[in-house]
Amino acid sequence: QVHLVESGGGLVQPGGSLRLSCAASGSRFSIHFMGWYRQVPGKQRELVATISNGGSANYADSVKGRFTISGDNANNAVYLQMNNLNPEDTAIYYCYARAFVVTNIAPDNYWGQGTQVTVSS
């Protein structure tokens, strides 16, 4: 099992910034890539950004130029710097990992508990 714990969410005014952090823990696993998704009640969970083990990053069009994802392979951690936030960014943000656990026969998806980001307006 891979456990993901995220932090850094909170309340911020429009135009403000937040930095989210996520760390993966567990034994005998190999992470293919990690990332961030977000979800608003009544909507599907959507991709925000992902980063591969090799450092390749992908972003949703809505956050390009404002958000930056980074990773720390040595510590199995991923970060999301969010700048110029707007009310449409309000959501629960979930840390995600695609990982192979030694005891399993195939990679699987793992999710954190989520952290609330609220941009007031």
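Details
- Among Thr103, Thr50, Thr90: highest mean-square fluctuation, GNM of the chain, C-alpha pairs under 10 Å: Thr103
- Taking Val63, Val102, Val12 in turn, the Gaussian network model of the chain (Cα-Cα springs below 10 Å) assigns the largest fluctuation to Val102.
- For the range 16-84, the list of trypsin sites (Lys or Arg not before Pro) that fall in a loop by DSSP and count at most 16 other C-beta atoms within 10 angstrom reads Arg28, Lys43, Arg45, Lys64, Arg66.
- Ligands, DNA and RNA left out, the accessible area of the chain computed with a 1.4 Å probe is 46% carbon and sulfur.
- Gaussian network model of the chain, Cα within-10 Å springs - most flexible of Asp61, Asp108, Asp89: Asp61
- Residue-normalised accessible area of the chain, given per residue in Å² at a 1.4 Å probe: 54
The values are calculated or read from the model by the stated rules, or taken from the named source; none is laboratory data. Keep in mind that what you see is a predicted model, and the values were worked out from it rather than measured. All Cβ positions, glycine included, derive from the backbone under ideal geometry; neighbour counts span all protein chains shown. Surface accessibility is based on the protein's heavy atoms, side chains included, excluding ligands, DNA and RNA. Shrake-Rupley method; radii C 1.70, N 1.55, O 1.52, S 1.80 Å.
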